[in-house]
Amino acid sequence: MRTDTTGRVVALHLAVIAVLVALLWILPDYHRGVMARVLVLSVFAMGYNLTFGYAGLLSLGHAMFFAAGLYGAGLAAYYPGWSVLPSFAFGIACGGVLALVVGFLALRTTGVAFMIVTMMFSQVFYLTTLYYTTWTRGEEGLVLGTDLRTVSLGAATLELWEPTTRYLVAVGLFSVVFLATMAIARAPFGRILIAIRENEERMRMLGYDVHRAKLKAMVLSGLFCAAAGAAYALLFGYVGSSFASIQYSILPLLWVLLGGAATTLGPLFGTVFMFYVVDVTSGYTSAWLLVVGVALILLVLFFPKGVFGTIRERWLKWLP
Amino acid sequence: MSFGPHLLLATLEGLVTSAVLALMALGLSLVFGVMRVVNVAHGEFFMLGAVLAWFFSTLVTGHPAIGFLLALVLSPLVVGAVALVSERLVLRRLNYDPEATIVATIGLLYIIQQLALTFYGPEARPVQAPFSIRIALPWFGYSGYKLFVIAASAAMMLATWFVLTRTRAGLVMRATQYDRETAQNFGIPVDRVYAGVFALGAMLAAVAAVLVVPISQAHYLMGLDPLLLSFIVVIIGGLGSLRGTVLAAVLIGVSDGVISVFFSPTLAKMIATLVVAMVLVFRPQGLFGTAPR
């Protein structure tokens, strides 16, 4: 059964990446810029999906992992003037360490308490960015100049602020995380996470170390989210505390729910769709919060499995 | 002003915060206790109460007390009705599933916030206090209205306690909280109890909001901070424990007041939030609660 579908699954994922690369020549300038941003944010959504979708952990604090990457990379580039690659790596490491600590503490709780604890840790992170406002400039944020966002690899230089390069780098990062999620979802580890989501007690009885598996999922999720944050800082050159606010913990939840929790394609679809819905409606009205609110309620009432969750249930059972 | 009076002032300010917080947290705690629903939109019911208080107080002219009393009666009723409608239309259809209701109440939060922004606007607007008496203490004068807020909140808490422990409605609510299915078997209309409790919780938040608008103004983003603080209070106090909620509200309110006077308010909030997160991690039943059955 598993060997049967591997070819199809890999082909589908590679096709999605190929389409994204091809969009570089198809999309007009404006939409290419939007898509670069959407791809980075959908990496964030994929990180969220790993814990929320696969492991069934409802966290309302993932903004702190995104912001850890954002600030880790941004501050390292801004103050000591590190070059792009070390800053990026530092940002990811910050997210990983934070996820390890938060996961270790928060995973002692379950359900509603887990949601509240993660939300509170995230709020502490947000307040910290405001408290050290002399360094972070709070809501106003820091702007990274173009010189800080240029990579020199031997003879070649990569200008991350240049639209084409930016789009391709975003696709590159997306592809890495996308394929990693696919691999995790199909690996024994991914199946253990799904089994924990479905029946934690039974997994414990069967002798699995449930806490360890969940912690591993948290750290991986933190690394993905931090990678998105670090990439955001370096590609778009803006680092501000609004990215640590509770809103950025809720948005990935919305994106994942819309696209389909525990599907590899769902986060991408949800992010693209929501981004354009907000983009289009903001042409008519400034009430985009209303759109988000109504979308959340309608989804949870009538469409709890999301787009790809429903497709998998009805037609394509082999979707990871 | 020397240290002693300074501390007294900080404590009084803290008690005012506690009074408002206790009412709001009580609403949150009731909803969680009886329905097992975490109402993330609770802060927005608070905000809605404040905005409506401003609206009702502008409808009448004359003595400020008339407008205030009108707001105190009408604003909780309207908020209760909004809560009732959203409970019937959304929460009931979700079968009160804990995670689905969290997502749905987040949606509700955004909808109420956006509607307030659209129809009320981004400005902060004050409501005039019903009376302006200053109580002269030996070191400083203190607003009589703030003392009234403390008294009013205490009276509301006592009333809620009386309803919960001494009336039939309270008995029905406690029975539903204790064991939903057995209550249903004994002919308690659990469905209607849920609707009532959700509306009641929202109304308590609205009363707290009406009391607070003469002190701090009504603004469409005012809901988030009290929401987090009431989560803190409910957790420290132990979910579903009335006495614990009051004790925790006083503890959090006064320490918040005292720390904010002597240190930065952001730092105070950071420390309080972190401490509470740790309490929840290491002592999930709260400081005053007992372990759940």
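The values are calculated or read from the model by the stated rules, or taken from the named source; none is laboratory data. The structure presented is a predicted model; accordingly, all values stated were derived computationally and were not measured. Virtual Cβ from ideal backbone geometry, glycine too; neighbours counted across all protein chains shown. Areas reflect the complete protein model, heavy atoms only, side chains present, ligands, DNA and RNA absent. Shrake-Rupley method; radii C 1.70, N 1.55, O 1.52, S 1.80 Å.
Details
- Checked against the criterion of being open to solvent by 50 Å² or more (accessible area, probe 1.4 Å) and more than 13 Å from the chain's Cα centre (by Cα), the candidates B:Leu89, B:Leu12, B:Leu108, B:Leu52 yield just one match: B:Leu89.
- Residue pairs meeting the criteria (Cβ under 6 Å; at least 6 apart or on separate chains; first away from every other protein chain (no Cβ under 14 Å) and buried (at least 18 other Cβ atoms within 10 Å of the Cβ), in the stretch A:294-317; second aliphatic (A, V, I, L, M) and part of a loop (DSSP other than H, G, I, E, B)): A:Phe308/A:Leu265; A:Arg312/A:Leu319
- Residue in the stretch A:140-152 that is open to solvent by 10 Å² or more (accessible area, probe 1.4 Å), more than 14 Å from every other protein chain (Cβ to nearest Cβ) and within 30 Å of B:Lys269 (Cα to Cα) present: yes
- Single residue of the stretch A:152-186 satisfying the filter (aromatic (Phe, Trp, Tyr) and closer than 12 Å to A:Val40 by Cβ) that is farthest from the chain's Cα centre (by Cα): A:Tyr167
- Cβ separations smaller than 8 Å between residues 6+ apart or across chains give no pair from the stretch B:256-284 residues that are more than 8 Å from every other protein chain (Cβ to nearest Cβ) and on the phi > 0 side of the Ramachandran plot to residues that are in a helix (DSSP H, G or I) and open to solvent by 40 Å² or more (accessible area, probe 1.4 Å).
- Long-range neighbours under 8 Å by Cβ, at least six apart or interchain, first residue at positive phi within the stretch A:227-239, second open to solvent by 10 Å² or more (accessible area, probe 1.4 Å) and not hydroxyl-bearing (Ser, Thr, Tyr): A:Gly237/A:Val143; A:Gly237/A:Gly145; A:Gly237/A:Leu148; A:Gly237/A:Arg149; A:Gly237/A:Trp161
- Selected residue (criterion: surrounded by the fewest Cβ atoms within 10 Å (Cβ to Cβ)) from residues of the stretch B:159-180 that are over 15 Å from B:Met35 (Cα atoms) and aromatic (Phe, Trp, Tyr): B:Phe162
- Taken together, the criteria place A:Gly103 among residues that are touching a helix residue (DSSP H, G or I) at 6+ places or on another chain (Cβ under 8 Å) and assigned to a helix (DSSP H, G or I).
- Tally, over the stretch A:75-96, of residues that are part of a helix (DSSP H, G or I) and crowded, with 16+ Cβ neighbours inside 10 Å: 15
- Exactly one residue out of B:Phe32, B:Phe55, B:Phe45, B:Phe68 is in a helix (DSSP H, G or I) and either within 13 Å of chain A (Cβ to nearest Cβ) or hydroxyl-bearing (Ser, Thr, Tyr) (or both), and it is B:Phe32.
- A:Ile184 modelled with pLDDT of 90 or more, out of contact with any strand residue (DSSP E or B) (no Cβ under 6 Å at 6 or more places or on another chain), open to solvent by less than 80 Å² (accessible area, probe 1.4 Å) and over 23 Å from A:Ala228 (Cβ atoms): no
- Checking B:Leu221 against (1) of a type outside the set (Ser, Thr, Tyr); (2) away from every other protein chain (no Cβ under 14 Å); (3) closer than 18 Å to A:Gln123 by Cβ, the condition it does not meet: (2)
- Evaluation of B:Ala183 against (1) within 14 Å of chain A (Cβ to nearest Cβ); (2) of a type outside the set (Val, Ile, Thr); (3) more than 29 Å from B:Ala155 (Cβ to Cβ); (4) crowded, with 18+ Cβ neighbours inside 10 Å (one fails), failing number: (1)
- B:Ala116 being out of contact with any Pro (no Cβ under 8 Å at 6 or more places or on another chain), within 14 Å of another protein chain (Cβ to nearest Cβ), of a type in the set (Gly, Ala, Ser) and surrounded by 14 or more Cβ atoms within 10 Å (Cβ to Cβ): yes
- The selection criterion, being under 21 Å from the mean Cα position of the chain (by Cα), in a helix (DSSP H, G or I) and at the interface with another protein chain (Cβ under 9 Å from one of its Cβ atoms), holds for A:Ile116.
- On the stretch given as the stretch A:171-208, residues that are more than 29 Å from A:Ile92 (Cβ to Cβ) and of a type in the set (Lys, Arg) total 2.
- Qualifying residue in the stretch A:49-58 (condition: more than 30 Å from A:Gly111 (Cα to Cα), part of a helix (DSSP H, G or I) and open to solvent by 10 Å² or more (accessible area, probe 1.4 Å)): no
- Residues (open to solvent by 60 Å² or more (accessible area, probe 1.4 Å) and either in contact with a Ser or Thr (Cβ under 6 Å, 6 or more places away or on another chain) or not charged (D, E, K, R) (or both)) located in the stretch A:97-108: A:Val97, A:Leu100, A:Val101, A:Phe104
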